[in-house]
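Worksheet: the structure to be examined is printed underneath.
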Amino acid sequence: MTDESDFIKSLLNQKEKAFKKLLDLYQKRLYWHIRKMVITHENANDVLQNTFLRIYKSLPGFKQNSSLNTWMFRIAYNESLRFLEQEKKKRHSSIDDLSKTYMNHLVADTFFEGDVAQLKLQSVLASLPDKDRQIFQMKYYDNLKFHELADILHINQSTLKTSYYRTVKLIEKNIENVELFKETEV
Amino acid sequence: MEYYKRRNELMKDIDSLENKIDKMHTDELGLGMPEDYFAKSKKDILDQVFLENISKEIPLYRNKVMWFAAAGIALIVAFSVFKPDTLPTINDIPSVIADTVGQIRNLDLANDEFFVEDDILVASLFIDDSEIDNYFDTYIIEEVVIDEYIDHFLLDDLTGETMIFY
């Protein structure tokens, strides 16, 4: 624990070396988290940069009420939401509409390399309500614990667990029957 | 010794978790990225964070000086356009600011940013206060001053804490 305290102290003093270390530890995990929220690589890259810039600027105000891990994921999550809000304004559409075009964005992404099985899974994920999808992805793919999710999303743990297990069942049920996605006009 | 052992184990755990997470995203979700993306991205982020912060670490007094200087420029340029006779002649003023007044008249302000901070304020002292008041009442281009104020203060503040929640 002393190590972590020292590390946080170095971060709070805005030490470049400590920040590099932070990047080494979290860059990949935050990238994947953001990528699943904003879908394309290009957008994820922009949001990731904004996230680390925001983390650096917010470090002096980090009160350590939550773990560094949770705090950083919360910033990444908020930055992704902020990006989606901006997209919504640009397109004069709602976040729900954006979610409907999830697959169009995904397939249009140069760095999506999915085969049939992966397209099926993505189609099932796209069909989920946004919040359920986010909860599932953050628990299953980002390897976050329920108490961390509760801190990030401000949702109580029982609701999160209910949503997660319901989603797992839905995915299992629908994965075989899902129709393969065909690209449509956005 | 125990510390290094523990640290190595922790790093191994992190590497193994990262590999597992990478694999899940590429194998199950089909998500890819450019080659060497993370190395390039790390460099971009560090450049952005540290270069931007160095360039933003301008002391507050300098912002204030810039604002007053901008107001001074607006005033003196406007004087030279609308009431050119109110500017002192080169012969009437000390030599230390003669160059400044000369530059103002030639509208050559943009060539030297430090000129703005130092000399323009000195030059503006040689315009009579009553002329300035009169000019403010009649000709002042408020927008110029307000825009400068917004650029130098408010936008800096806006880039700070506007998070949804933390």
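Assuming 0.36 nm per residue, please report the length gained on full extension of the stretch A:Glu113 to A:Ser67 beyond their Cα-Cα distance.
Using 0.36 nm per residue and subtracting the Cα-Cα distance, I get 13.1 nm.
I want to check the label-to-label distance for A:Gln86 and B:Lys20. Put each point 7 Å from Cα in the C-beta direction and report it in nm to one decimal.
3.4
Please list, ordered by chain and number, the residues whose modelled amide H lies under 5 Å from the amide H of A:Phe112; skip anything fewer than 5 residues away on the same chain.
Distant-sequence amide H within range of A:Phe112: B:Gly32.
Quickly estimate the mean residue ellipticity at 222 nm for chain A, helices only: each DSSP H run with n ≥ 4 gives -39500 (n - 2.57), and the total goes over all residues, rounded to 500.
-24000 deg cm²/dmol
Residues of the range A:110-127 with backbone nitrogen within less than 20 Å of a virtual label 7 Å along the Cα-to-Cβ line of A:Lys173, please, listed as ranges.
Backbone N within reach: A:120-127.
Let me know the charge dipole size of the range A:1-157 about its Cα centre in debye, to the nearest 20, where only the beta-carbon of Lys, Arg (+1) and Asp, Glu (-1) is charged.
It comes to approximately 340 debye.
Among the listed pairs A:Lys88/B:Lys42; A:Lys21/A:Lys63; A:Lys88/B:Lys23; A:Lys21/B:Lys20; A:Lys36/B:Lys23, give every one whose C-alpha distance is greater than 26 Å.
Going by Cα-Cα distance, A:Lys88/B:Lys42; A:Lys88/B:Lys23 fall outside the 26 Å limit.
Where a number appears in this text, it was derived from the coordinates with a stated rule and is not lab data. Given the structure is predicted, the values throughout are model-derived calculations rather than measurements. Quick reminder, even Gly has a Cβ in these numbers, built from the backbone with ideal geometry, and neighbours come from all protein chains shown.
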